[in-house]
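K.L.:
Have a look at this one before I ask anything.
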Amino acid sequence: MGIFVATAEASHTHLFPGAVVKVHGSGAQLVVTFSDGASAAAEIVDDGGKPALVVEAYTTSSGTVIPRKMWFVSASETEGAEGWLKVGRAVVLE
């Protein structure tokens, strides 16, 4: 049996504090598609009892390299297998 990977959509080419990510499906593993068509693997992780979103490095369609970051989740809501995450500050991960 394989790992279920949820899909997610960001309304911009990158995340920033206050950005909302719409999630479709359930599971901690995600593929986030950005507004320019670029996509990145991501994972919802536990950061000391609070959720965070780790997004792997990716390149926007205009060639900007976005490094791997952990985004702290400032708000979220789920209904069944659908939901959204609002991200706050981020830290760059090596």
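K.L.:
From the residues Tyr58, Ala8, Val91, which one has its Cα farthest along the dipole of the chain in the positive direction, the dipole being from +1 and -1 charges on Cβ of Lys/Arg and Asp/Glu about the Cα centre?
P.N.:
The one lying farthest along the dipole's positive direction is Val91.
K.L.:
Further, regarding this structure: Once you have a ≥ b ≥ c as the square roots of the Cα gyration tensor eigenvalues for the chain, tell me rounded if a/c is under 1.5, and otherwise prolate or oblate according to whether a/b is larger than b/c. Show your work: numbers first, answer last.
P.N.:
Working: a/c = 1.43, a/b = 1.22, b/c = 1.17.
Cα axes put the chain in the rounded bin.
K.L.:
In whole percent, and with a 1.4 Å probe on the protein chains, what portion of the accessible area of the chain is carbon and sulfur? Numbers along the way, then the final one.
P.N.:
Working: 3040 of 5500 Å².
Solvent-exposed carbon and sulfur of the chain make up 55 percent of the total.
K.L.:
Hey, another quick one. In a Gaussian network model over the chain where Cα atoms closer than 10 Å are linked, find which of Phe72, Phe16, Phe34 has the largest mean-square fluctuation.
P.N.:
Of Phe72, Phe16, Phe34, the most mobile in the Gaussian network model is Phe16.
K.L.:
Taking the solvent-accessible surface of protein heavy atoms with a 1.4 Å probe, what is the per residue accessible area of the chain in Å²? Intermediate values should be presented prior to the final figure.
P.N.:
On the way: 5500 Å² over 94 residues.
I get 59 Å² per residue for this part.
K.L.:
Just to confirm a number: summing +1 for Lys and Arg and -1 for Asp and Glu over residues other than Ala28 whose beta-carbon lies under 12 angstrom from that of Ala28, what do you get?
P.N.:
-2
K.L.:
May I ask you to rank Val92, Val54 by accessible area, largest first, using a 1.4 Å probe over the protein chains only?
P.N.:
Heavy-atom accessible area, descending, gives Val92, Val54.
The values are calculated or read from the model by the stated rules, or taken from the named source; none is laboratory data. Owing to the predicted nature of the structure, the values given are computational and were not obtained by experimental measurement. Every residue, glycine as well, gets a Cβ built from its backbone with ideal geometry; the counts of neighbours run over all protein chains shown. Just the protein is used for accessible areas: all its heavy atoms, side chains included, with ligands, DNA and RNA removed. Shrake-Rupley method; radii C 1.70, N 1.55, O 1.52, S 1.80 Å.
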